[in-house]
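Heads up: the structure comes next, in structure tokens.
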Amino acid sequence: MMAMPLTLSVLALFALLFVLSNNGAEASHKIYSHYQTLSVENVNQVHRTGYHFQPPRHWINDPNAPMYYKGLYHLFYQYNPKGAVWGNIVWAHSVSKDLINWESLEPAIYPSKWFDNYGCWSGSATVLPNGEPVIFYTGIVDKNNSQIQNYAIPANLSDPYLREWVKPDDNPIVNPDANVNGSAFRDPTTAWWADGHWRILIGSRRKHRGVAYLYRSKDFKKWVKAKHPLHSVQGTGMWECPDFYPVSLSGENGLDPSVMGQNVKHVLKVSLDMTRYEYYTMGTYDKKEDKYFPDEGLVDGWAGLRLDYGNFYASKTFFDPSTNRRILWGWANESDDPHKDKDKGWAGIQLIPRKVWLDPSGKQLLQWPVAELEKLRGHNVQLSNQMLDQGNHVEVKVITAAQADVDVTFSFSSLDKAEPFDPNWDKLDALDVCAQKGSKDPGGLGPFGLLTLASENLEEFTPVFFRVFKAADKHKVLLCSDARSSSLGKELYKPSFAGFVDVDLTDKKLSLRSLIDHSVVESFGAGGRIAISSRVYPTIAVFEKAHLYVFNNGSEAITVENLNAWSMNTPVMNVPVKS
Ligand SMILES: *[C@@H]1O[C@H](CO)[C@@H](O)[C@H](O)[C@H]1NC(C)=O
Ligand SMILES: *[C@@H]1O[C@H](CO)[C@@H](O)[C@H](O)[C@H]1NC(C)=O
Ligand SMILES: *[C@@H]1O[C@H](CO)[C@@H](O)[C@H](O)[C@H]1NC(C)=O
Ligand SMILES: *[C@@H]1O[C@H](CO)[C@@H](O)[C@H](O)[C@H]1NC(C)=O
Ligand SMILES: *[C@H]1O[C@@H](CO)[C@H](O)[C@@H](O)[C@@H]1NC(C)=O
């Protein structure tokens, strides 16, 4: 009688061990070992993007070490050269003159030394004062995912493509000490210089506390851990991909990471492995204490400000000295499952690079797609002073609605019909408010906005819309990018992504820009005060069957004051550099 259950439990134990040994210490990416090395020949084109960054095939994740060097933008990224799921990670490498047309090179960094034999994970570039770039990255040294920090330098500084990278034998630069969790210790930042020392951050956790460890160096070679982390927050779990940089209190120009002083505020962004979302705060960097203090009133945790309220992770900025901009890259994963990614032969895109700067209010960052993107704009259609009564939708015709850029300003004559804001919603994520108050539920002031990637009879559509609420003391504006009706396809992740945007409604206008690209809708509300990206997979609304509409489902009439839509051309996307 005992034999059966015992056998079963032994089997169960083996199954459990199998799962554990596969998932192990790396919480970030589920492991599908049988797909990891299943090279793809036939790539399914249906949902591939036209102008977002992606390689011809296979899996990508974090953007790494973006930089500008000798007239070229460089982007490295986590890449599986052997399959369409996470695994076998190398640093793929691409270059561009304009951040939009990209040529690919051979992978720059891949496992080859004892200090990175089990993986070359994310990191950053620092361009030293003499103009020489150095990359810091996380090396995996054993099957337990033990993590250390390494550096790599260009083999030939005269080569603007920086084709070849050398990993010197005096690596690593940083080993975890006994107080650091060595399997949660990764993603070194760009270095900054202050008071006679270089400094970097490394993301980590101490039990449930998210931590940004600080390391200092006089010579950029020997790095010593500071007594205190730069910053840490209880209950936030592993901090991945920290990003720390100054922003100017006046104007839109970006700053070199080492700029300090009166006219500067600092930004700390972290990617939370536990939620797979990011948040940021702004605050003061006390370089004497080497500590960072978020501004009062900002939420330093789950519910903090986000660079993007949708599908956006492992982001990283860099300073572009050629245009004095700070530019942000972020990764968007797929919303289908790994079996489908295996079938379609690819997974992951980088979102359009964005310029970031401080809002004049000092209370948040602003973002806008880099101006270079506008070079791809083709055929243009305009609408102006188009009235939208409740229940109306009007088509924006004669553009390629599956691959488009739309910029629209809506106006209304009064705020009176704004619906009451339920105080209980303060406890909810905006995504849940959007789930309750979607585009289909008629409202007062809103829902109004765009229906993107819509089929002609609206069996499928991804609405991006505003809803304005009246709270006790002020109006609250919700921007929602709702994937729930985006596809008739089953077993997809279809979140009702949303965020509240702090915007002045005195002029009774709200603007929206959406970058629509086959399986991604990347939207910027109120002039870049909020961004939301959704990945969606329509089954009917593909290629020329995709339509674009403006709509209003609120009782307050809305005017499309001005709308510009462009068909977007396809850039050079990761064609190999001719040698
Ligand atoms: C991995 O971790 C296990 C459990 O802590 C330990 O027994 C083993 O020696 C480690 N292996 C390596 C290669 O460090
Ligand atoms: C270094 O790069 C320059 C510019 O591309 C090239 O002319 C030169 O041959 C390279 N040197 C070596 C040693 O490869
Ligand atoms: C160390 O980090 C790993 C990976 O995140 C985690 O599984 C483990 O629980 C951590 N250990 C401690 C003591 O926090
Ligand atoms: C507008 O509201 C009507 C009535 O609830 C609904 O049938 C329709 O789907 C809504 N339109 C959109 C775009 O959600
Ligand atoms: C992207 O995929 C969805 C659906 O599988 C997950 O729910 C997200 O957690 C994941 N996001 C990241 C950043 O990995």
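At a glance:
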{"quantity": "Given (1) modelled with pLDDT under 95; (2) closer than 21 Å to residue 355 by Cα, number of the condition residue 512 does not satisfy", "calculated": "(1)"}
{"quantity": "The lone exception for residue 72 - which of (1) farther than 30 Å from residue 341 by Cα; (2) open to solvent by 10 Å² or more (accessible area, probe 1.4 Å); (3) away from ligand 2 (no atom under 16 Å from the Cβ) it fails", "calculated": "(3)"}
{"quantity": "Yes/no for residue 213 being within 30 Å of residue 367 (Cβ to Cβ) and touching a strand residue (DSSP E or B) at 6+ places or on another chain (Cβ under 6 Å)", "calculated": "yes"}
{"quantity": "Restricting the stretch 110-147 to residues that are within 30 Å of residue 194 (Cβ to Cβ) and among the small types (Gly, Ala, Ser), the residue that is nearest to ligand 5 (Cβ to nearest atom)", "calculated": "122"}
{"quantity": "Matching residues, the stretch 339-376, being open to solvent by 30 Å² or more (accessible area, probe 1.4 Å) and either within 16 Å of ligand 4 (Cβ to nearest atom) or closer than 28 Å to residue 539 by Cβ (or both)", "calculated": "339, 340, 342, 343"}
{"quantity": "Restricting the stretch 508-556 to residues that are farther than 22 Å from residue 444 by Cα and among the aromatic types (Phe, Trp, Tyr), the residue that is most open to solvent (accessible area, probe 1.4 Å)", "calculated": "543"}
{"quantity": "Search result, residues across the stretch 164-177 that are assigned to a loop (DSSP other than H, G, I, E, B) and either buried (at least 17 other Cβ atoms within 10 Å of the Cβ) or within 16 Å of ligand 5 (Cβ to nearest atom) (or both)", "calculated": "167, 171, 172, 173, 176"}
{"quantity": "Any chance residue 575 is open to solvent by 10 Å² or more (accessible area, probe 1.4 Å) and not assigned by TED's automatic domain parsing to the domain that holds residue 493", "calculated": "yes"}
{"quantity": "Residues (without any contact (Cβ under 8 Å) to a residue 24 or more places away in the chain and either of a type in the set (D, E, K, R) or in the same structural domain as residue 364 (by TED's automatic domain parsing) (or both)) located in the stretch 470-506", "calculated": "473, 474, 490, 504"}
{"quantity": "Evaluation of residue 39 against (1) under 27 Å from residue 372 (Cα atoms); (2) touching a strand residue (DSSP E or B) at 6+ places or on another chain (Cβ under 9 Å) (one fails), failing number", "calculated": "(1)"}
{"quantity": "Members of the stretch 124-153 that are over 19 Å from residue 64 (Cα atoms) and hydrophobic (A, V, I, L, M, F, W, C)", "calculated": "141"}
{"quantity": "Search result, residues across the stretch 247-279 that are away from ligand 5 (no atom under 16 Å from the Cβ), open to solvent by less than 20 Å² (accessible area, probe 1.4 Å) and not β-branched (Val, Ile, Thr)", "calculated": "248, 254, 266, 268"}
{"quantity": "One residue from 278, 334 being of a type in the set (Asp, Glu) and assigned to a strand (DSSP E or B)", "calculated": "278"}
{"quantity": "Subset of the stretch 552-571 (residues that are part of a strand (DSSP E or B) and not β-branched (Val, Ile, Thr))", "calculated": "552, 554, 561, 562, 563, 564, 565, 566, 567, 568"}
{"quantity": "Qualifying residue in the stretch 90-112 (condition: within 16 Å of ligand 1 (Cβ to nearest atom), surrounded by fewer than 23 Cβ atoms within 10 Å (Cβ to Cβ) and closer than 30 Å to residue 180 by Cα)", "calculated": "yes"}
{"quantity": "Residue tally, condition within 13 Å of ligand 1 (Cβ to nearest atom), open to solvent by less than 30 Å² (accessible area, probe 1.4 Å) and not in a strand (DSSP E or B), over the stretch 143-163", "calculated": "1"}
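Per-residue answers, yes or no, for (1) outside any loop (DSSP other than H, G, I, E, B); (2) within 21 Å of the chain's Cα centre (by Cα); (3) more than 16 Å from ligand 5 (Cβ to nearest atom):
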| site | (1), (2), (3) |
| --- | --- |
| 179 | no, no, yes |
| 183 | no, no, yes |
| 232 | yes, no, yes |
| 245 | yes, yes, yes |
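The values are calculated or read from the model by the stated rules, or taken from the named source; none is laboratory data. Just so we're clear, the structure is a prediction, and the values are computed from it rather than from any experiment. Here Cβ is always computed from backbone atoms with ideal geometry, including for glycine, and neighbour counts include all displayed protein chains. Surface areas here come from the heavy atoms of the whole protein model, side chains and all, with no ligands, DNA or RNA. Shrake-Rupley method; radii C 1.70, N 1.55, O 1.52, S 1.80 Å.
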